[in-house]
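Since the structure comes first, as structure tokens, the remarks are kept for the end.
The values are calculated or read from the model by the stated rules, or taken from the named source; none is laboratory data. All of these numbers come straight from a predicted model, not from anything done at the bench. Here the Cβ positions follow ideal geometry from the backbone for every residue, glycine too, while neighbour counts run over all protein chains shown. Calculation scope for accessible area: heavy atoms of the full protein, side chains included, ligands and nucleic acids excluded. Shrake-Rupley method; radii C 1.70, N 1.55, O 1.52, S 1.80 Å.
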Amino acid sequence: MTIATDIDTPTELTLSERENDQSYQMAQAAAVAADDRKGENIVLLAIGEVSSLAEYFVIASGFSKAQVRAISVNVEEELSKKFGRKPRNIAGEQDGTWVLLDYGDVIVHAMMAQEREYYDLEAFWGHAPKLEVFLPEVPTAPED
């Protein structure tokens, strides 16, 4: 395996610089798509700042196998629609306790709460910066 060492990789990107980065836009869109299917405890990690594995991890919990699958299907559909991207690899669809969508630069983990607690990806990648997830605001009903 060869690792490119001559490529300048910025580690301290500002929010405005991230907003112009397609990988970041995809990660945010994946988080929104997970939220659309009632994914809980959605986390966005900038693992590209500590690893060459990918730029971003999106991690979301579901509370049933059907919900985990629904989260992953919705993420896949939304990223295809908005960015014209399909995952390079999908793992765990049959079992449904942990579905992984690998886009290369963005890796999405939809997991049952038990698997998430057991594998604790946030602790394993704890040295990666945790970024704010920007979810659309839900309009509130006007008060009379």
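Brief remarks on what is shown
- Where V99 falls short, out of the listed (1) under 12 Å from R69 (Cβ atoms); (2) over 15 Å from the mean Cα position of the chain (by Cα): (2)
- Candidates V106, V68 - the one that is open to solvent by less than 20 Å² (accessible area, probe 1.4 Å), out of contact with any Leu (no Cβ under 6 Å at 6 or more places or on another chain) and within 23 Å of D21 (Cβ to Cβ): V106
- Selection from the range 115-134 of residues that are within 18 Å of K38 (Cα to Cα) and not acidic (D, E): R116, V133, F134
- In this structure, A123 does satisfy being exposed (fewer than 13 other Cβ atoms within 10 Å of the Cβ) and at pLDDT below 95.
- Near pairs, Cβ below 7 angstrom, 6+ apart or cross-chain, from the range 101-114 (within 17 Å of V32 (Cβ to Cβ)) to any residue that is in a loop (DSSP other than H, G, I, E, B) and acidic (D, E): V106/E55
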